[in-house]
1. For the pair residue 220 and residue 474, how long in nm is the line joining their label points, each one 7 Å along Cα→Cβ?
2. Tell me the label-point distance for the pair residue 356, residue 100, using the 7 Å Cα-to-Cβ offset, in nm and rounded to one decimal.
3. Rounded to two decimals, what is Rg over Rh for region 430-479 when you use alpha-carbon atoms and the Kirkwood radius?
4. Taking 7 Å along the Cα-to-C-beta vector as the label spot, tell me the residue 467-residue 71 distance in nanometres, rounded to one decimal.
5. If R₀ is 30 angstrom, what is the calculated FRET efficiency for the pair residue 192 and residue 435, using the beta carbon separation as r and rounding to 0.05?
6. Round to the nearest 0.05 the FRET efficiency obtained for residue 292 and residue 341 when R0 = 22 Å and r is the Cβ-Cβ distance.
7. Go ahead and run the numbers for FRET between residue 274 and residue 389, Cβ-Cβ distance against an R0 of 25 Å, rounding to 0.05.
8. Over what distance in Å are the Cα centres of region 37-113 and region 327-346 separated?
């Protein structure tokens, strides 16, 4: 037992237990904690043994989260989020423990980083206490790795998956991690090797969507919003039927109809062509043939939102795959503030008042603010696939979307459509259910389980890490 708590050698995370031999895997049970931002979440996850009624599959015995109330601040307020963790984490752990049914977890999983340092420490310190009380190992999980592995969790949760089938998607695959704090294009070559191919040079796409929502949504919607998931409100508002000016959920989420039929989360796993065909009835959208065609777009109101880096045909000098969203947010702000000439596409000098913008124009702004951002991401996915095909890498099996923004079905449709337009109609596109796209402890439990099965655990002396590059998964920085 003591060998499980050895100190790290330098900055590396050593394997502290032998890898389980195939065919001898025993059931593994973990309690997991997530406190990286404003969601307090606890989960209990078990992976069954081969001769059980659900051989090799995973089962969530408990999963619950509480989101801090940041509505009056218009975004995540660190102190309020921290207080929410302090008030709710112990209560959730107490609620979860009876679901262990008298058993003791094999190890404790916890988000170690990246995230808000004080919030992370709330979870890490609680997890350490549980590990000491139970005398069990501790696994510090990388938050973004957990997002990337979420589709594998959802696949393992399916009751109808054959036991002999490997967990899907198999490595390697291309991951797009899109959230309010990150926008990353990652080549997930293995469990512990996630090479960052591209990231944003300024703000994340989720940040852009939140800013656009606060500028575009009618005040009545913002004033009555529950929580701060403004990006989700923007999507609902953009595609809600006229003449209603609400952001009620009128456009169903991907797989939402099936989710209502069962408590088991379902994985969207289709070819790009299949996904495009199934969901084409929801959206009036065509992929631009080239950047020149994209540049010709102009709304009937005079303003236009172009893809970032459209004039340079690439990213920045050091990374042609780089992404940027701050300029797009600025374009939305100008369209809201100034009246544009529909004939010339130029703004006037006179500012306009909120009541001067009709609901119809606001809906157009919402759709275009998303469209330009999502086309930008999709173009990087295509470029990433082409770059990997030119190298010596094993061909990727799928494109995986993860992170909070991945719940946006318009993003999913644009990605699938763009892949088809560029010759990748047969590649698999994999999307977790919307409830598993946002931060949750179930994904932390699964990432912890995969890491523990591979032989990784951490000493009780670990500290939370505010900034932890995913390509330094096994050599976390010392903060």
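1. Using points 7 Å along Cα→Cβ, the separation is 5.8 nm.
2. Reported label-point gap for residue 356 and residue 100 is 6.3 nm.
3. Over the Cα atoms of region 430-479, Rg/Rh equals 1.01.
4. Computed distance between label sites residue 467 and residue 71 equals 3.5 nm.
5. FRET efficiency, residue 192 to residue 435: 0.65.
6. Efficiency, from the Cβ-Cβ distance: 0.50.
7. Efficiency at R0 = 25 Å is approximately 0.70.
8. One Cα centre to the other: 44 Å.
Computed from the coordinates by the stated procedures, all read-outs in this text should not be read as laboratory data. Just so it is clear, the model here is predicted, and its values are computed rather than measured. Positions of Cβ are generated from backbone atoms using ideal geometry, with glycine treated the same way; all protein chains shown enter the neighbour counts.
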